Amino acid sequence: YSVRNLVASFLFFILALMSKETGVILPFILIIVHFYLRVVGATGRIKFPIKKLIISLLPYGVVLGVYLSLHFLSFGLISGDSYIWDFAPGRALNTSFWYFLWSLNLPEMLIDFVGPGLKLNPNLLKYWSADIIPIFVLFTAQAGFIVFALFKSKILKNKSLILFCVSWFLLTISPVVFLPVHKFTYYLTLPLFGVIMLLSYLLNGQKPVVKILFCTIWVVLSLTSLRLTLETNWITQGVNTSERVNNYFKENREALKSKDISFVDTPEDKDLPWSPTLTLKTVLSEYNFFDLFYPELRERISYGDEKAEVQIRSRQLLGY
C-alpha cells in the first residue's frame, strides 16, 4: 500500500482499460483483496483504514466513471446476434456454473450438447466418443480427488479464504454473466485465479502422491479438452475447412463451371446443436472465399438451397 505501488496499480488500471473492457473490474478486485487482507491481518499482517482505502480508490472511480460514460454514450449497450442481455437470476446462475465447469477443464463445446435436465445429445458420442469418453472419466477422477481433499483438509474452517475465492470468481465473470448466449472460455483468464487459489489451498497438506496424481489428471484432462476444442471449434478448424473446400472445387472445377451450387444440411444434421451449413458459411466469410479464389463461380454459390443443381453436404467439408 505504498504510494509507489498505488501509482503503479493506477497506471496498470488505465492500461487494462485500453486493452480489454473487463479491466473495469480492477477497482472491485482491489476492494475484495483489501477486505480479505484485513481479515487475515488480525495476526498483524496488514492494517489499512477504510478511509484511506476510499481515498486511494477515488482516482479509479473518476477514470472508471469517465470511461463508462464515454463508452455508453458513444457506443451504447453492446449488441449483436449473441449479445443478448438476460438479467434473470436463474440464467446468470446457469452461466456461472458453466464457467465453473470450464475452469475445471471440461471442453467448451460440451455446452452445445447438454439439454435441460443434463440430457446429452447422442451426437456427442456419435462423432466425438474417442475424446469425450476419456474426458468424462478423467473429470470424474478429478472430482473424486477434489472431494477427497475437501474432507481431508481444513479449508472448511477457513471461511475467509473460501469467501475470497468465490467472490473473486463471481466478480471477475460479472461483466459477461448476463450474456447467456455469448459465453466462451477465453473469459476465464481472471476467474481462473480464484479457482486455482482454492484448489491449491485444498491440496496443501495432502500427501505427495495425492498431489502428483491430481496434477497429472488435471494436465491430461486439460490437454484432452484442448485437443477436442481444436478439432471442433470453427476458428481453429478454419484453415483445414477452407483447404477441404478449396480441394473440392479444384478437383471439380470444370464439372461445376456452369451449374448452380449450394451447401446444404442433411436430415441427420438436424439433430446437431449447430448447422454445418451456417458454420461453413461463417468459415468462408459467406462469399469472400469465392470472390478471391473462384470468382467465376461466385454468382452460382448459395447456402441452404435444396433446389440447386449441385448440393454439397456441408458436414463433409467440416471433417466429421
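Sparsely packed loop sites in the range 254-287 (the trypsin sites (Lys or Arg not before Pro) outside DSSP H, G, I, E and B with at most 15 other Cβ atoms within 10 Å) comprise 257, 259.
For residue 257, give me every one of the lysines with a C-alpha distance below 29 angstrom, ignoring sequence neighbours fewer than eight places off in its own chain. List returned: 281, 307. In the chain, Cα pairs under 8 Å separated by at least six residues give a relative contact order of 18 percent. Note on the chain: Cα Rg divided by 2.2 N^0.38 Å, N the number of residues, gives 1.27. By accessible area, using a 1.4 Å probe on protein heavy atoms only, the chain has 66% of its surface on carbon and sulfur. Between the amide H of residue 302 and those of 261, 262, 263, distances stay under 5 Å, these residues lying 5 or more places away or on another chain, with hydrogens modeled in the peptide plane. Placing R0 at 22 angstrom, the Cβ-Cβ distance between residue 146 and residue 193 gives a FRET efficiency of 0.80 after rounding to 0.05. Excluding ligands, DNA and RNA, the accessible surface per residue across the chain is 59 Å² with a 1.4 Å probe. Based on DSSP loop calls and a cut-off of at most 13 other Cβ atoms within 10 Å, the longest stretch of the chain free of exposed GluC sites (Glu not before Pro) is what? Excluding the exposed sites themselves, the longest stretch runs over 1-285. Would you mind getting me the FRET efficiency between residue 216 and residue 118? Use the beta-carbon distance for r and R0 = 30 Å, nearest 0.05. About 0.60, to the nearest 0.05.
Given the options 194, 117, 90, which has the most mean-square fluctuation in a GNM of the chain, springs set between C-alpha atoms less than 10 angstrom apart? Ranking 194, 117, 90 by mean-square fluctuation puts 117 first. What are the ³J(HN,Hα) values, in whole Hz, obtained from phi via the Karplus relation 6.51 cos²θ - 1.76 cosθ + 1.60 with θ = phi - 60°, for each residue of the range 256-273 in sequence order, with x given for Gly and Pro? Result, rounded to whole Hz: 9, 4, 10, 10, 7, 10, 9, 8, 9, 8, 9, x, 6, 6, 4, 8, 6, x.
Return the subset of 126/270; 119/211; 126/183; 152/207; 152/211 for which the Cα-Cα distance in this structure is over 22 Å, preserving the input order. Going by Cα-Cα distance, 119/211; 126/183 fall outside the 22 Å limit. A straight line joining the Cα centroids of the range 95-123 and the range 165-179 runs 18 Å. Rounded to the nearest 20 debye, the dipole magnitude of the range 121-231 is 440 debye, with +1 charges on Lys and Arg beta carbons, -1 on Asp and Glu beta carbons, and the Cα centre as origin.
The values are calculated or read from the model by the stated rules, or taken from the named source; none is laboratory data. On a predicted model such as this, the values are computed, not experimentally measured, just so you know. Ideal geometry is used to build each Cβ from the backbone, glycine not excepted, and the neighbour counts take in all protein chains shown. Side chains are part of the model used for accessible areas, which takes the heavy atoms of the whole protein and leaves out ligands, DNA and RNA. Shrake-Rupley method; radii C 1.70, N 1.55, O 1.52, S 1.80 Å.
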